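Have a look at the structure below, then the notes.
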Amino acid sequence: MFGLLNNSNLFQWIEKLINFFNSIFFILLLVALSFALIISPPDYLQGDSVRIMYVHVPAAWIGLASYTCIAFLSILNFVFKIKNFSLVTKSIAPIGLLFTCIAIITGSLWGRPTWGTFWAWDARITSMLFLAFFYFLFIIINKFIKDDTKANKISSIVAIIGLVNIPIIKYSVDWFNTLHQPASIKITGTSTIHSSMLLPLFLMFLVLILYCALIFLMKYKTEIIKIKKKNLKR
Amino acid sequence: MLTKKVKKRASLLSISLIISFLAIFVILQSLKNNILYFKSPSDIKKNQELDFSKKIRVGGMVKKNSLIVQENEIKFVITDFKNELQVSYSGTVPNLFSEEKGVVAEGKLQDKKFFIAERILAKHDENYMPPELKEIMKKNAK
């Protein structure tokens, strides 16, 4: 039940991983931040405000990626009823919401000096807001529906519905006229960001991913503890 | 291996996902004009039912050598390399606003050739040129 048989084993692994990530996180953070804030050159057009990109872009990527994770795990959970996946999705959701909000807020701060406005109801920004809303809904459902199986079912359905939003966010800048500029880093083809700016971008991405993993493992640990406690009570 | 229930759920889910993707696609297609953040000068030229009392946004490039800065008025021409629109504006412009750069102007049309802007937004791009414009340019080059 709940794969609890190997959970004590898993538990030790999680502890080890948390310790390992903790030990390298701050060093990597310092390296990445010094690259992002000091070593990398300012933009020819925007000057130093381009440095917002080093937080904004990774945060948006993580927001999208973790939602996609949640949605696919929810599909598996919905079809095969694998209970452990609901613990994983529950642990990912707060991180995703946090990074989506960071992407929206830093984007807003970046928009002011470059575009001349904090907010625009263009397709990219509005669909990003929808993403945050789906995260919020997912978390709220898991928090306020007391019956676990029911909460799992409803929240996974919500997560799957929200999956439709992901390609809209990705391609909104290509499909519609938006104020937001199109993607600079493409899956195929060359990126339009100079390599001296690409390096700090990927470093920051690495660091933020590491931070996500850290928070995820901590949250996952508490979820396992919660379930163990519930079983004891019975 | 797969039980009947699992198969049922899987097929239900895949069918509903396909339907929802199609539905969203159709909705987006039909709403496309409302989702567009700005119109291009060509859109305005083509459009027969323009409402001159309504605020709209026009986007494009600031034409080379068209920017005239006077005491309390800025005049420039928005172009998508096929059609042009004369814009008049008084107020502050964003830092990135300059000639041969992307711009979005919010305001009212006076007629099909003249636009009075109340707000200017800069549309920045590390390629100097938004792809929408590039596409329009490509089309016009043919």
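The values are calculated or read from the model by the stated rules, or taken from the named source; none is laboratory data. As the structure is a computational prediction, the values presented were derived from the model and not from experiment. Cβ: placed from backbone, ideal geometry, glycine included. Neighbour counts: every protein chain shown.
Summary of values
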item	result
Selected residue [part of a strand (DSSP E or B), within 14 Å of another protein chain (Cβ to nearest Cβ) and at pLDDT 85 or above] from B:Ile116, B:Ile78	B:Ile78
Residue list for region A:77-127, filter: aliphatic (A, V, I, L, M) and more than 17 Å from A:Asn142 (Cβ to Cβ)	A:Val79, A:Ile102, A:Ala103, A:Ile104, A:Ile105, A:Leu109, A:Ala120, A:Ala123, A:Ile125
Which listed residue, of B:Asn47, B:Asn65, is on the phi > 0 side of the Ramachandran plot and out of contact with any helix residue (DSSP H, G or I) (no Cβ under 8 Å at 6 or more places or on another chain)	B:Asn65
Residue list for region B:91-113, restricted to those being outside any loop (DSSP other than H, G, I, E, B) and within 12 Å of chain A (Cβ to nearest Cβ)	B:Gly102, B:Val103, B:Val104, B:Ala105, B:Glu106
Residue in region A:98-117 that is within 14 Å of chain B (Cβ to nearest Cβ), within 30 Å of A:Lys226 (Cβ to Cβ) and modelled with pLDDT of 90 or more present	no
Test for B:Ser16: is it assigned to a strand (DSSP E or B), out of contact with any Ser or Thr (no Cβ under 6 Å at 6 or more places or on another chain) and either in contact (Cβ under 8 Å) with a residue 60 or more places away in the chain or polar (S, T, N, Q) (or both)	no
Residues located in region B:1-60, provided they are more than 9 Å from chain A (Cβ to nearest Cβ) and aromatic (Phe, Trp, Tyr)	B:Phe25, B:Phe52
Single residue of region A:38-76 satisfying the filter (hydroxyl-bearing (Ser, Thr, Tyr) and in a helix (DSSP H, G or I)) that is nearest to A:Leu137 (Cα to Cα)	A:Tyr67
Criterion violated by A:Leu199 - all others in (1) within 19 Å of the chain's Cα centre (by Cα); (2) farther than 30 Å from B:Ser16 by Cα satisfied	(1)
Counted residues, region B:26-46 - those being more than 17 Å from A:Asp122 (Cα to Cα) and loosely packed, with under 13 Cβ neighbours inside 10 Å	2
Filtered residues of region A:37-80 (kept if touching a Lys or Arg at 6+ places or on another chain (Cβ under 9 Å), crowded, with 21+ Cβ neighbours inside 10 Å and closer than 16 Å to A:Ser184 by Cβ)	A:Ser40
Odd one out for B:Ser11 among (1) assigned to a helix (DSSP H, G or I); (2) within 15 Å of B:Arg119 (Cα to Cα); (3) not charged (D, E, K, R)	(2)
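Conditions (1) part of a helix (DSSP H, G or I); (2) under 14 Å from the mean Cα position of the chain (by Cα); (3) within 12 Å of chain B (Cβ to nearest Cβ); (4) surrounded by 21 or more Cβ atoms within 10 Å (Cβ to Cβ), marked per residue:
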{"residue": "A:Asn142", "(1), (2), (3), (4)": "yes, no, no, no"}
{"residue": "A:Thr149", "(1), (2), (3), (4)": "yes, no, no, no"}
{"residue": "A:Pro167", "(1), (2), (3), (4)": "yes, no, yes, no"}
{"residue": "A:Tyr171", "(1), (2), (3), (4)": "yes, no, yes, no"}
{"residue": "A:Asp174", "(1), (2), (3), (4)": "yes, no, yes, no"}
{"residue": "A:Ala183", "(1), (2), (3), (4)": "no, no, yes, no"}
{"residue": "A:Ile187", "(1), (2), (3), (4)": "no, no, no, no"}
{"residue": "A:Leu214", "(1), (2), (3), (4)": "yes, yes, no, no"}
{"residue": "A:Met218", "(1), (2), (3), (4)": "yes, no, no, no"}
